[in-house]
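Input: a single structure, listed below in structure tokens.
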Amino acid sequence: MRHFGKDVPQHLEFTLGDSETVHRLPLAANMPLEELCELQEAANVGGTTVLRFQVELLRRYIGEAADGLSAGDVNAIYTAWNEESAKQGATAGE
């Protein structure tokens, strides 16, 4: 028998700057569907819409630590997130 929704979520784990705090962002296959759809919609619009949503999503998962990130930091986090999600067999587009 299969039990859906009980898998241990897989996350991208990362630290910021010199902090030892480990932050976790669910990978695409483990992200709540509504959030993944919102991310894809923002990506379809492009421009600052996607960047704003990416920061908003980070705030949900890492709190105020997201407020001090540069655009480059956000890009690096989501590049790593996309790479790890692809290894799982999922991307924001799926």
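Please treat every number below as a calculation from the coordinates, not as lab data. Just so you know, these numbers come straight off a predicted model, no measurement behind them. A quick note on method: Cβ atoms are made from the backbone with ideal geometry, for glycine too, and the neighbour counts reach across all protein chains shown.
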Next on the checklist: Please list, by residue number, everything in segment 58-91 whose backbone N is under 15 Å from a paramagnetic label point 7 Å out along Cα→Cβ of residue 10.
Outcome noted: 80-91
Next on the checklist: If I fit a long axis through the Cα atoms of helix 33-45 and take the longest principal axis of the Cα atoms of the chain, what angle between them do I get, 0 to 90°, rounded to 10?
Outcome noted: 50 degrees
Checklist entry - When a footprinting reagent is the concern and you count Cβ atoms within 10 Å, what order do 56, 35, 20 take, fewest first? => result 20, 56, 35
Checklist entry - So what is the relative contact order for the chain, in percent, with contacts set as C-alpha pairs under 8 Å and at least six apart? => result 30 percent
Checklist entry - Where Lys and Arg each count +1 and Asp and Glu each count -1, what net charge lies around residue 25 among other residues with Cβ under 15 Å from its Cβ? => result -3
Checklist outcome for this item: Rounded to the nearest 500, the 222 nm mean residue ellipticity computed for the chain from DSSP H runs (n ≥ 4, each -39500 (n - 2.57)) alone is -16500 deg cm²/dmol
Checklist entry - Nearest 10 degrees, 0 to 90: what angle lies between the long axis of helix 47-62 and the longest principal axis of the chain (Cα atoms)? => result 70 degrees
Next on the checklist: Positive end of the dipole of the chain, charges at C-beta (+1 Lys, Arg; -1 Asp, Glu), about the Cα centre: which of 75, 57, 89 has its Cα farthest in that direction?
Outcome noted: 89
Checklist entry - Pairing the Cα long axis of helix 71-88 with the longest principal axis of the chain, what angle in degrees results, from 0 to 90 and rounded to the nearest 10? => result 20 degrees
